[in-house]
Structure formats: C-alpha cells, structure tokens
1. If B:Pro82 passes every condition in (1) farther than 25 Å from B:Gly324 by Cβ; (2) open to solvent by 20 Å² or more (accessible area, probe 1.4 Å) but one, which one does it miss?
2. Quick test of your reading of the structure: B:Val252 fulfils all but one of (1) within 19 Å of B:Ala120 (Cα to Cα); (2) in contact (Cβ under 8 Å) with a residue 24 or more places away in the chain. Name the failing condition by number.
3. Quick check on region B:446-476: of everything there that is away from chain A (no Cβ under 14 Å) and within 17 Å of the chain's Cα centre (by Cα), which residue is farthest from A:Glu57 (Cα to Cα)?
4. Of the conditions (1) open to solvent by 10 Å² or more (accessible area, probe 1.4 Å); (2) under 22 Å from the mean Cα position of the chain (by Cα), B:Val47 clears all except one; give me its number.
5. Among the residues in region B:267-285, are any within 14 Å of the chain's Cα centre (by Cα), touching a residue at least 60 places away in the same chain (Cβ under 8 Å), away from chain A (no Cβ under 14 Å) and part of a strand (DSSP E or B)?
6. Among the listed residues A:Ala24, A:Ala42, which satisfies the condition of being open to solvent by 50 Å² or more (accessible area, probe 1.4 Å), of a type in the set (A, V, I, L, M, F, W, C) and within 27 Å of B:Pro307 (Cα to Cα)?
7. Within region B:382-404, how many residues turn out to be open to solvent by 10 Å² or more (accessible area, probe 1.4 Å), within 14 Å of chain A (Cβ to nearest Cβ) and either among the aromatic types (Phe, Trp, Tyr) or closer than 25 Å to B:Tyr315 by Cα (or both)?
8. For the subset of region B:349-358 comprising residues that are in contact with a helix residue (DSSP H, G or I) (Cβ under 9 Å, 6 or more places away or on another chain) and more than 7 Å from chain A (Cβ to nearest Cβ), which member is least open to solvent (accessible area, probe 1.4 Å)?
Amino acid sequence: MESDLVQPTIERIRRWSGVECPNAAARHGLSDFPPLLAELEALRGTLVFEDEPSSFEAALQAEKEKTP
Amino acid sequence: MNAPVDATDLATLSMTEAADAIARGEITASALLEACLARIEAHDGKVNSFIRLDREEAREAAAAADKARAAGKPLGPLHGVPVAHKDMYYRAGKVSTCGSKIRRDFVPTVTATVLERLDAAGAIDLGTLNMAEFAQNPTGHNAHFGDCHNPWNLPYCTGGSSSGSGASVAARFVTAALGSDTGGSIRLPASLCGVTGLKPTQTRVSRFGVMPLSFSADNVGPLVRTARDAARFLRVVAGHDPKDPTSAREPVADYEAALTGDIRGLRIAVPQQWFFDGADTVVVDAFEAALEVLKARGATVERISVPSLRAVTAYGALLSRVEGAAIHANWMRGRPGDYSIHLSARLFGGYAIPGHLYVEALSRRGPVLRQFCTEAFGRFDLVATPTLRTRVPTLAETDIDADPQNWSRFMAVSANTRPFNYLGLPVVSIPCGFDDRGLPIGLQLAGRPFAEARVLRAADAFQRDTDWHRRVPPLG
C-alpha cells in the first residue's frame with residue numbers, strides 16, 4: 001500500500017525542482033519517509049535561534065582529544 | 001617498522017611490510033608488482049574490482065623505484081608499494097568515470113591532492129577501482145561497469161561505495177586502496193571484505209580533486225590490511241591543503257609511533273541504542289568476542305546510553321541526500337535515464353526534503369556533536385559497535401534495480417556507519433570474525449575528533465592478538 005504522501009510529493013518536486021519521478025523504485029523510496037518524518041517531529045523545538053552550521057567546525061575543535 | 005619478511009607470495013604482504021622490505025632491499029618493487037599483477041590476471045575476471053588497470057605505467061614506475069633505491073636516493077614511506085584508487089580521484093589527463101555512464105569519458109584537468117601526496121611518498125599507482133555509481137550505494141552494485149563481487153564468496157556484496165577498494169585489498173591485488181566515506185563507504189567494504197578501513201575526522205584529509213557527493217560529510221581514507229598500514233597511509237595523505245580551504249590545520253601526528261600495543265586503562269563504551277536493533281546473533285557474538293580480546297589487553301568495557309543518537313540518525317539521514325540531490329539536479333532533469341534505477345530513485349527522494357529541515361540538520365550538528373561527546377566520551381576513550389549489524393547480504397537480495405521491494409534491505413546496510421559521518425568522528429573498521437556463511441564481520445571503533453592515533457592504537461592492539469586480518473580469500 002503506497003503512502004498518501006507519495007503523489008503530492010512527486011507533484012511538489014516537479015513544481016519546485018523540475019525533476020520527474022524516474023521509476024517505481026523512486027515511488028517506493030518516498031514511501032520510506034514516514035518513519036523519518038516521525039523522528040524529525042520528535043526533534044522539533046531543539047533548534048536554538050542562534051544555532052548555525054559553522055558551530056560544527058567549532059565543536060570539532062572543542063571536543064578534540066586533549067592528550068592524544 | 002615491521003620485521004624482515006619471508007613471504008612465498010609477495011602479494012600477501014601488508015603495505016607497511018612491503019614498503020619496509022623494499023627499503024631494506026629484501027624484495028624489489030618490480031617483483032612485488034608482478035606478484036600483484038599475477039593475482040589480478042588470475043582472479044579479477046571474477047571479482048571485477050578494477051575499472052582501469054595501468055599495467056605498463058606501473059611497471060615503469062616500479063622499475064624506476066628499484067633504480068632509485070639502488071642509487072641510494074631518499075625513499076618515501078610508501079616507496080614501491082602498489083596502490084589503486086576508487087575511480088573518483090582525479091588525475092589530470094586520465095579518465096575518471098565516477099562509476100557512472102554520465103562521466104564515462106570525463107577527463108579532469110586537475111590531480112587530487114591525495115594522489116599527489118601518494119605519488120610523492122613513492123606509491124606505485126596501479127589504476128582505478130570499481131565503485132558505486134557516483135559513490136551512492138552501500139552494497140557494491142554497479143549497472144554500468146558490472147557489480148563488484150565479494151572475494152570471500154562471489155554472490156555476496158562487497159559493501160560500498162568503495163567496492164573495488166575493499167575487494168582489491170582483500171584479494172591481494174594491491175597493498176592499499178583509496179576509498180571515500182560519506183555514510184560508511186570505506187568502513188562497509190572494509191567490513192564486508194575483511195580488511196581494515198579508516199574514515200578520518202571530517203576535514204582531516206584534503207578533498208581537492210575528489211568527486212563530490214555531500215560536501216558536509218565526504219571523507220577521504222584508506223582501505224588496507226592492518227591498522228599499521230592505515231597509520232602510515234594517513235600520515236602521508238593528511239594535513240591542510242590550500243586547495244581545499246575546508247581541510248583542517250590540525251598538526252598531523254606520527255600515527256605509527258602511537259601503535260605501542262599498550263591499551264591498559266583504555267575505556268571503551270558500547271552504546272545500547274540503535275547499533276544492535278535487529279542485529280544477527282552471529283555478528284553480536286563476534287563483536288562480544290572482540291571486546292574480550294581488548295579487555296584481555298587491559299581495556300575496560302561498559303554499556304552506556306546515548307540519547308543524542310536519535311538526533312544523530314534523523315539529521316544524518318538528511319544531509320547527504322539533500323546535498324547529493326542538489327549537485328545532481330541538472331543531470332536528473334536532463335539525463336535521468338543515464339542513472340541506474342536505484343540511484344535516480346535515491347536522489348529523487350532528496351528533492352522532497354524541505355530546506356528548513358536541511359538547515360536545521362546542519363545547524364544542530366555542532367550542538368549534537370557536543371552532546372554526543374559528553375554522553376559517549378565523558379568517561380570513555382572509544383566507542384565500539386559492529387560495523388554491519390547483520391550478516392553480509394547477497395547482491396541479489398539488495399538489488400533495487402531488480403525489485404524495489406529490496407529498498408529496506410539496501411538502506412539498512414549503512415545503519416551503523418552513517419551516524420559517525422554526521423558526527424564527523426574518526427572511526428576504523430577492522431575484521432573480527434566470520435559469519436556462518438564464511439563472510440567477514442567488522443568491529444567499528446570511534447574516537448573523539450582528531451583522535452586517529454588512539455583509534456588506531458586500539459585497532460593495532462587487537463590485531464596483535466588476532467589473525468582475522470591475515471586471512472586470504474580462497475579465490476581458487
């Protein structure tokens with residue numbers, strides 16, 4: 001049973017990206033999204049207003065081993 | 001430094017054993033190369049690990065290497081050892097297919113910094129290796145150049161995307177191979193083929209001249225026989241590169257000097273979430289036995305809870321898919337039929353992910369890394385997990401092109417490796433046993449950022465007491 005998410009998502013991708021659904025496997029792959037959506041829903045609210053991508057490089061330095 | 005060699009088959013020497021033996025004059029680079037070429041001629045028709053074999057150029061380079069040694073010239077740390085690279089490392093003037101139909105005739109105008117560093121260290125470049133199309137699958141399927149086959153049992157997956165890298169090192173075709181790792185693409189073929197694979201810390205190795213997949217998570221690293229090989233290889237290729245502004249300025253350690261065998265007091269954490277969900281018993285048993293080996297050398301092991309893994313796995317699922325979709329958009333619009341079915345299907349899903357969630361995944365990466373380090377490394381030095389939580393699957397049962405119903409099995413292959421790409425941590429996979437079908441099992445060891453020396457020290461200590469990494473596939 002295909003998720004009801006699939007067809008609207010295909011339409012949205014066509015509209016926003018100009019990419020057509022290439023094959024049945026792509027449709028199947030979209031059906032795989034609901035568990036990921038549930039996980040992301042559980043993380044809502046964790047992003048802080050000041051968070052930004054550059055914090056990753058800073059964290060790599062901050063968390064590195066002190067005495068290798 | 002390794003002990004003097006007495007090998008009847010030179011191709012079975014590890015990279016460092018071979019380099020040290022050449023340096024001491026015990027063997028020649030030419031003899032070693034011929035031993036490797038003989039194995040390739042005999043067996044690669046079945047394994048399909050090479051895309052292009054530069055046989056005569058390698059012979060000329062090996063002869064020059066022997067001449068240089070005879071003349072007493074300074075020798076590099078990899079002088080005379082045969083290596084090959086996943087066909088996505090650019091060498092100016094040479095075709096780099098990226099495992100694809102779309103780039104089948106692509107001739108780059110630049111040479112990857114890692115290839116230049118390997119050349120300068122004296123390595124002999126044997127050519128380019130099979131890989132997943134555009135480095136985008138964890139199994140080793142390739143519709144354009146033929147699937148790569150596991151040397152231990154040909155119908156089984158090699159792991160991907162560095163399929164030819166894992167298979168060629170396992171089959172003793174080369175002493176070392178370059179792979180790349182965005183979601184497990186070094187560690188999976190290392191695990192499935194029974195060799196050692198190192199994904200360094202994000203930014204540790206230059207990516208200049210390397211085909212992009214996901215700029216946030218792409219890593220360059222070796223597939224080799226031993227932790228000592230990985231240590232020497234990493235020292236050659238690591239370090240800041242002005243051509244790759246994202247490469248770290250962190251000093252490069254003498255990783256090989258750290259391999260003392262002494263891991264007394266080393267504290268190892270085993271996360272109880274995620275990594276064992278649906279794991280096969282034979283894999284868990286081998287993993288537990290591996291922990292006992294490390295404990296016998298003085299390490300301690302504790303099971304821990306790592307709540308941040310939920311964010312790691314969810315956000316980690318977004319980055320490479322969105323970035324891959326973005327850089328392939330022109331071809332997905334104009335040449336979708338030139339991709340294999342599983343790749344165009346996978347890329348297509350990337351366009352469905354909203355931009356704000358992608359930015360959230362990037363922006364949360366630093367805080368999540370800090371949280372993970374607190375949870376996992378607050379009281380511990382390393383994290384240990386199985387590299388692949390199930391037995392090695394066959395090519396047939398993970399073939400999405402043949403049947404989309406294989407999607408879940410296909411995606412599950414990288415479940416245990418992908419989290420460390422989001423975290424950017426250094427992680428090694430080493431062989432730790434075989435399953436009931438004779439396929440290898442891998443142990444994954446991860447450390448803090450830039451803790452490659454500690455990760456490799458533990459891997460080397462393990463390999464001093466085991467021989468899984470010494471076993472050779474019975475190719476007939």
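The values are calculated or read from the model by the stated rules, or taken from the named source; none is laboratory data. Treat the numbers as computed from the prediction; the structure is a model and nothing was measured. Quick reminder, even Gly has a Cβ in these numbers, built from the backbone with ideal geometry, and neighbours come from all protein chains shown. In case anyone asks, the SASA skips ligands and DNA or RNA and just uses the protein heavy atoms, side chains included. Shrake-Rupley method; radii C 1.70, N 1.55, O 1.52, S 1.80 Å.
1. (2)
2. B:Val252 satisfies all of (1) within 19 Å of B:Ala120 (Cα to Cα); (2) in contact (Cβ under 8 Å) with a residue 24 or more places away in the chain except (2).
3. Only one residue fits best here, namely B:His469.
4. Here B:Val47 meets the rest and fails (1).
5. no
6. Within the list A:Ala24, A:Ala42, the selection yields A:Ala42.
7. Total satisfying the criteria: 1.
8. B:Gly350
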